[in-house]
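Peer 1: Okay, here's the structure, questions in a sec.
The values are calculated or read from the model by the stated rules, or taken from the named source; none is laboratory data. This structure is a prediction, so every number in the text was calculated from the model and none was measured. Every residue, glycine as well, gets a Cβ built from its backbone with ideal geometry; the counts of neighbours run over all protein chains shown.
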Amino acid sequence: MMEKSAEKKATEKDAKGAEETLPSIDFATFVLSLSHSALMHLGEAPHPETNKVEKSLPLARQTIDLITLLEEKTKGNLTGDEERLVHQILFDLRMRFVELSKS
């Protein structure tokens with residue numbers, strides 16, 4: 001029984017350490033995270049684990065569609081800054097997607 005208690009304390013300590021290094025979770029951080037995923041799939045940013053740049057237009061399109069879905073489902077529930085952020089990100093990602101789809 002003592003071992004499990006010590007394991008639980010160690011796990012709690014690890015969790016607290018991880019929380020201190022992670023950014024706060026809010027809508028803007030979530031949308032920016034999705035935006036970064038789309039940029040990775042567009043070949044505009046390296047994968048954080050492999051540091052390789054890979055392009056997958058279908059995955060980029062899916063992520064852009066996901067952000068669009070969030071925009072639609074949260075309409076009327078966002079602050080002005082959050083609305084502008086989503087709109088700006090979608091505009092930018094769509095333009096990049098169109099440019100890459102042409103080639």
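Peer 1: What's the total number of residues in the stretch 47-77 that are among the polar types (S, T, N, Q) and surrounded by 13 or more Cβ atoms within 10 Å (Cβ to Cβ)?
Peer 2: Qualifying residue count for the region: 5.
Peer 1: Same structure again: Within the stretch 82-103, how many residues turn out to be exposed (fewer than 10 other Cβ atoms within 10 Å of the Cβ) and either touching a strand residue (DSSP E or B) at 6+ places or on another chain (Cβ under 9 Å) or not in a loop (DSSP other than H, G, I, E, B) (or both)?
Peer 2: Residues flagged as exposed (fewer than 10 other Cβ atoms within 10 Å of the Cβ) and either touching a strand residue (DSSP E or B) at 6+ places or on another chain (Cβ under 9 Å) or not in a loop (DSSP other than H, G, I, E, B) (or both) within the stretch 82-103 amount to 2.
Peer 1: Still on this model: Considering each residue of the stretch 40-75, count those that are of a type in the set (K, R), over 18 Å from F30 (Cβ atoms) and assigned to a helix (DSSP H, G or I), and give that number.
Peer 2: 1
Peer 1: With the checklist (1) modelled with pLDDT of 95 or more; (2) small (G, A, S); (3) touching a helix residue (DSSP H, G or I) at 6+ places or on another chain (Cβ under 7 Å) in hand, flag the one item G80 doesn't pass.
Peer 2: With respect to (1) modelled with pLDDT of 95 or more; (2) small (G, A, S); (3) touching a helix residue (DSSP H, G or I) at 6+ places or on another chain (Cβ under 7 Å), G80 is out only on (3).
Peer 1: Let me ask another. Which one of the conditions (1) surrounded by 10 or more Cβ atoms within 10 Å (Cβ to Cβ); (2) at pLDDT 95 or above does E44 fail to meet, given that it meets all the rest?
Peer 2: Status for E44: all satisfied but (2).
Peer 1: How about the stretch 21-44: which of its residues are in contact with a Ser or Thr (Cβ under 9 Å, 6 or more places away or on another chain) and more than 12 Å from L93 (Cβ to Cβ)?
Peer 2: Result: P23, F27, G43.
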